[in-house]
1. Mind checking which residues of the range 270-310 are part of a helix (DSSP H, G or I) and among the hydrophobic types (A, V, I, L, M, F, W, C)?
2. For the range 432-453, enumerate the residues that are outside any helix (DSSP H, G or I) and either outside the structural domain of Asn268 (by TED's automatic domain parsing) or within 23 Å of Ala542 (Cα to Cα) (or both).
3. Anything in the range 210-227 that is over 10 Å from Asn18 (Cα atoms), of a type outside the set (S, T, N, Q) and out of contact with any His (no Cβ under 9 Å at 6 or more places or on another chain)? List them, or say none.
4. When both residues are 6+ apart or on different chains and their Cβ atoms are under 7 Å apart, which pairs have a first residue that lies in the range 320-337 and is touching a residue at least 60 places away in the same chain (Cβ under 8 Å) and under 21 Å from Val180 (Cβ atoms), and a second that is buried (at least 21 other Cβ atoms within 10 Å of the Cβ) and of a type in the set (S, T, N, Q)?
5. Identify all residues within the range 348-380 that are touching a Ser or Thr at 6+ places or on another chain (Cβ under 9 Å) and either assigned to a loop (DSSP other than H, G, I, E, B) or within 16 Å of ligand 2 (Cβ to nearest atom) (or both); write none if there are none.
6. Looking at the range 291-320 only, could you name the residues that are modelled with pLDDT of 90 or more, of a type in the set (Asp, Glu) and open to solvent by 10 Å² or more (accessible area, probe 1.4 Å)?
7. Where in the range 143-242 are the helices (runs of 4 or more DSSP H), entirely inside, with at least 1 residues that are among the hydroxyl-bearing types (Ser, Thr, Tyr) and crowded, with 16+ Cβ neighbours inside 10 Å?
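The values are calculated or read from the model by the stated rules, or taken from the named source; none is laboratory data. Not measured: the values here are computed from a predicted model. Neighbour counts are summed over all protein chains in view; Cβ atoms, including those assigned to glycine, are modelled from backbone coordinates with ideal geometry. SASA here: full protein model, heavy atoms, side chains in, ligands and nucleic acids out. Shrake-Rupley method; radii C 1.70, N 1.55, O 1.52, S 1.80 Å.
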Amino acid sequence: MKALNVEKTASKGFAMGNAYVLKKQDLSAQTHRIGADEVDKEIEKYQDAIKTAVAQLEELAKTSDIFAAHLEMAKDPALYDGVIHKIKTDRLNVQLALENTAEEFAAIFDSMEDEYMKERAADVRDVRDRLMRSLKGISQSTLKDIEGKVILIAEDLTPSDTSNMNLDHVLGFATELGGVTSHVAIIARNMELPALVGVKGLMEHVKDKDFIILDASNGQIIINPDETTIEKYRILEEEYKKRKKELESMSSLPATTVDGRTVKIYANVGNLEDVKKAAERGIDGIGLFRSEFLYMENTHFPTEEEQFEVYKQAAILCPKELIIRTLDIGGDKSLPYYTFDHEDNPFLGWRAIRISLDLEDVFKAQLRAILRASAFGNVKIMYPMIISQEELEKANDVLSKCKQELSSEGIAFDPDIKVGIMVETPAAVLCIENLAKHVDFFSIGTNDLTQYVLAVDRGNKKIANLYDSFHPAVVQSIKRIIDAGHAEGIEVGMCGEFAGDEKATVLLLGLGLDEFSMSLGETANIKNIIRNTSYEKAKECAGKAASVYTIQEVKDILNSFTNE
Ligand code: PEP
Ligand code: MG
C-alpha cells in the first residue's frame with residue numbers, strides 16, 4: 001500500500017477501482033532509407049496498416065461522424081498513392097513515407113481559404129496517428145474505448161480528451177500535471193467526477209490495473225490498499241454522499257443571509273445536459289454557459305441552426321437567466337477540426353474574443369443563434385477576455401449587424417438583450433470604471449484573472465503554489481470590479497472557480513458580489529454557508545481582508561470570521 005498526496009483537489013468526491021493508465025505514445029517515425037529488396041515488404045506493411053485502420057474505423061464510424069470522416073480519409077487513394085510513391089521512388093521506409101505524405105496533405109488543407117477544408121488537416125493527422133500506431137505495434141486504446149469501470153491515470157489530459165471520455169466507464173481521474181483551475185479540472189467539477197491534478201509521482205507509482213482509492217476530497221491516492229483501509233473509505237464515501245444529498249435537498253431555498261441579503265447562486269455549464277441537471281436541482285440561473293464545448297465536441301464549427309437549437313432549449317429550461325459566453329477557445333482549448341498555428345504563449349495569444357473578432361463569420365453564426373434563442377427566455381450575452389473598450393465596441397458592432405439582419409429577415413429576438421463581459425484581464429480591471437459605463441453586467445473570471453494578475457500559468461504544476469486567488473492583488477481587483485459595477489448600477493457576478501470555493505464565500509459576500517456562479521456540485525454547500533452568515537459581519541470581515549498585503553493575512557482574517 002502506498003499513498004500520494006496533493007494539496008488542492010480538483011473535484012471533490014471518492015472513487016475506488018482499478019487504474020487505467022493512459023501512456024504517452026511516441027508516434028514519430030523511425031527513419032531510414034531502404035534498399036530495393038525491402039520495397040515490397042514496406043508496401044505490404046502499409047497495406048496491412050490500412051486494412052486494420054479501415055476495419056477499426058468502420059466500427060467506430062457507426063457511432064460518430066468524426067470517425068466516418070476518418071474512414072474516408074484512410075481509404076483516400078491519393079494518400080495511399082503518395083505513401084507508396086515515397087516508398088518506391090524515394091526509398092523511404094514506410095513510417096517516414098507516411099509521416100511525410102500525411103504532413104504534405106495536412107499542409108495543403110491548412111493553406112486553404114475555406115474553413116471546412118482547413119479543418120480536414122486535423123483529420124489527416126488523426127488518421128496518420130492511427131496508421132502509425134498500427135505500424136509501430138502500439139495499442140490503439142484511447143479514451144473513447146475504455147471498458148469496465150476504471151480510475152483514469154494520465155500524465156496530462158486536454159479538455160477535449162476529457163469531453164471525449166466515456167463517462168459510463170470513468171469513476172474518476174488523476175493526472176500528474178495540471179492545476180486546479182485548468183480546464184480539465186473545471187470539466188471534472190462540472191461532471192461531478194472525483195479528480196486530482198498535479199499529483200507528483202503518479203505515473204511512476206501507479207501501474208495499470210492497480211487497485212486505487214481516489215480520495216479527491218482530502219487530496220489522496222492510495223495504491224493497492226489493505227482491507228481495513230478499503231472499509232474505512234467505504235464508510236467515508238457513504239458519509240460524503242449522505243451529506244451531499246442533505247445539502248442538495250436545500251437547493252431550492254433562496255440564498256438569503258441571516259440578516260436578509262439575497263444573492264444569486266447560479267451554475268456554470270458546458271452543455272445542455274448540465275443545464276437539465278441544474279434545472280432539476282432547482283438552480284434558477286446559469287451564470288456561465290461555456291459555449292466552447294459545443295464547438296469542441298463537434299466535427300465542424302457548429303452552424304447557426306445547430307447552436308440555436310441548443311441555446312433555445314437551454315433558455316426554455318432556465319427561463320430566469322441564461323448567460324451565454326461567446327466562444328472561448330485557444331489557450332489550452334483546441335478544436336479537433338481546426339489547426340491553430342503554434343504559439344509560444346497560447347494563454348497570451350489567439351484566444352477567446354480575439355478569435356471571434358478575426359473569424360467574423362463564425363462569430364456572426366454564434367451571435368445570431370444566441371439572439372434567436374433570446375426570444376425564448378432571459379438570455380444574456382457575455383464576451384470573454386476583453387482588454388479594451390475598442391474590443392467591446394467591435395464585438396457590439398458585429399452584434400448590431402446581426403440584429404439588423406434578423407430584423408430585416410423578420411426573425412424574432414430580444415432587441416434589448418443584455419450584454420456583459422468577463423472581467424479576467426488586468427487591463428479590464430484597470431479600466432473597469434470606464435467599462436462599467438458600456439456594459440449591462442460584469443462577471444469576474446478569477447481563473448484567468450488570477451493567472452494574469454499574478455503572471456502564474458493556471459495549469460503549471462511547478463508554480464501551482466503561487467497560484468492563489470487569496471493574493472491581495474486579486475482580492476483588491478475583485479473589490480474594485482464590484483465597486484465599479486455598483487457605482488454604475490450594474491450587477492457583478494463571478495463565474496471563476498473562486499465563486500465555488502467555500503473559503504472565499506464570506507469574503508465575496510462581504511465585498512458585495514451579487515451573483516455566484518459555479519460548478520453544480522458546489523452550489524448546495526455555498527448556498528448553505530450564505531444562509532448561515534450575517535451580511536453585515538461579512539462586510540466588516542471583507543473590508544479588513546481587502547486592506548492587507550499578504551496572502552496569509554487575508555486567510556487569517558477569513559479564518560477568524562465568526563457570525564457572533
Ligand atoms: C475564468 O477565467 O475564470 C473563467 C470562468 O473562464 P475559463 O475558466 O473558461 O477560462
Ligand atoms: Mg477565462
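1. Leu272, Val275, Ala278, Ala279, Phe293, Leu294, Met296, Phe308, Val310
2. Those that are outside any helix (DSSP H, G or I) and either outside the structural domain of Asn268 (by TED's automatic domain parsing) or within 23 Å of Ala542 (Cα to Cα) (or both): Ala436, Phe441, Phe442, Ser443, Ile444, Gly445.
3. Correct list: Leu214, Asp215, Ala216, Gly219, Ile222, Pro225, Asp226, Glu227.
4. So the pair list comes out as Arg325/Ser291; Asp332/Ser182.
5. Ala352, Ile353, Ser356
6. Glu304, Glu305, Glu306, Glu309
7. Details: elements: 159-164, 183-190, 202-205.
Where helices (runs of 4 or more DSSP H) fall fully within the range 143-242 and carry at least 1 residues being among the hydroxyl-bearing types (Ser, Thr, Tyr) and crowded, with 16+ Cβ neighbours inside 10 Å, they are 159-164.
Yes/no per residue for (1) under 25 Å from the mean Cα position of the chain (by Cα); (2) under 23 Å from Gly331 (Cβ atoms):
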residue	(1), (2)
Arg458	yes, yes
His471	yes, yes
Ile481	yes, yes
Glu488	no, no
Gly500	yes, yes
Val506	no, no
Thr523	yes, no
Ser534	no, no
Phe561	no, no
